[in-house]
1. Ranked from highest to lowest mean number of other Cβ atoms within 10 Å per residue, what is the order of the peptides 319-332, 171-184, 118-131?
2. Can you tell me which of 67-77, 368-378, 282-292 comes out highest on packing, and rank the rest after it, using the mean Cβ neighbours within 10 Å?
3. May I ask you to list the lysines whose Cα is less than 22 Å away from that of K282, ignoring any residue fewer than eight positions away on the same chain?
4. I need the phi-derived Karplus couplings for the range 175-183: 6.51 cos²θ - 1.76 cosθ + 1.60, θ = phi - 60°, integer Hz, Gly and Pro marked x.
5. Using a basic spin-label model with each label point 7 Å from the Cα along Cα→Cβ, how many nm lie between I274 and Q74?
6. If I model a spin label at S50 and S183 as a point 7 Å from the Cα along the Cα→Cβ vector, what separation in nanometres do I get?
7. Given a 1.4 Å probe and heavy atoms of the protein chains only, how would you sort M189, M281, largest accessible area at the top?
8. Figure the gain on full extension for E57 and T375 (residue separation times 0.36 nm, minus the Cα-Cα span) and round it to one decimal in nm.
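The values are calculated or read from the model by the stated rules, or taken from the named source; none is laboratory data. Quick caveat: nothing in here was measured; it's all calculated off a predicted structure. Every residue, glycine among them, receives a Cβ derived from its backbone with ideal geometry; neighbour counts consider all protein chains shown. Side chains included, ligands, DNA and RNA excluded: accessible areas come from the protein's heavy atoms. Shrake-Rupley method; radii C 1.70, N 1.55, O 1.52, S 1.80 Å.
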Amino acid sequence: MSSTVSAFLDDISTRDGLKAARAHIGRLGDERAWPALVALAAELEARQASTPAEARERLHALSDHIEEVLAKGQDVDSALALLEVARQPRDARYQGRLCASRRERELASLLATHRPATSFVELFSHRRGPEDLLELFACGVHELVLRGADLSSVPGVLALQEELSRRGHPLAVLPLQRRRWESSFGRLMGTEELDPYDTLGERLSSASREDEEDEYTAPDIRLATQDEPVPPALAAVLVSEDGEGPHEAIEQRVLKLRPALPKAPSDTMTSLLIDLNLPLMKDAAFVVCERDKLSRVADFFFSRVVSRARGWLGAAYGRLALWRTLEALGGIEVSWSTDAPEKRWNACTWYQFNGSWQDERPRIQGVVCLRPGGTSLALVAVRDTTSLW
């Protein structure tokens, strides 16, 4: 195999040579030559050390293509071959504190994108002990859950969940089925199409919500606010995985309100935001705040997880960060294996807001959570610019 590999890899310094190598990999996939692709992946990694730094990206591109071809295979042997490739290190590409786990997250995403849940679950019996590809399977479960799979009663998945709990793995706290307010996450990930009936229901629900808001008039009072400690996870869904996110572009506040404001129409919350004079929105020409639903607040946060490149979390850890942010916004610490979080979040009053200027400064977008009883609120805002994500 090595001589065959060398024959076409020696010529990848040119665009035509790289194209021919990709075509060769594709043909091996068409021929279901899975062992050959596993061997080729090992050879590509072995060549990294002797390849000039400026040319290594070509080898990486071919390694990525092998993984994609294996993920797209329709039989269990191709999936098992991908697991074999996953066990081969790619240290030259995946460097740093999270190198191995990040690679497994990416491969989990590949498998979940191209294969049904039944195919993925079949692979559980082929693990080589509790340490084998633990991160890949832990992430793969939630990649599939976010795409709509209900894995809450699958024996192999439940056994994995118990193992993760024993180890204190962060993903062990997440439920194994998608909540109703998470139903659009598959669409945000580009794996599900928008249901027109859901869109109509969303519009009708929004209209009903606005009618209810119009019936309430806030008392003409002077609100006093007092800053409270900010929970560490309040902006978890907005910062990078290593905690080195663009903090200068994030606003976080928790406020005690006196007197209590059990409900607040949008204009009252808009006035409060203006009075707070948030540093991130200093001198904003326009401030708009509107009541919203938990599902659309969640969409706002999750869309940033799946679209940004810096500090890439992946869908599984993006979901975890979202739940942590919502927990901090709602002011609760509960077991996520129960319905308690949703009950609390549904008792909160949610708002989305933005601030903008007449010049070219990027818009500020944020979320306010007025907690049950109206005695406190939490908010988080972020500068909306793709240059930071």
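1. 319-332, 171-184, 118-131
2. By packing density, highest mean first, the sequence is 368-378, 67-77, 282-292.
3. In chain and number order, the partners are K256.
4. x, 8, 9, 6, 6, 4, 6, 9, 5
5. 6.2
6. Inter-label distance under the simple model: 5.8 nm.
7. Per-residue accessible area, sorted high to low, gives M189, M281.
8. Answer, rounded to one decimal: 109.0 nm.
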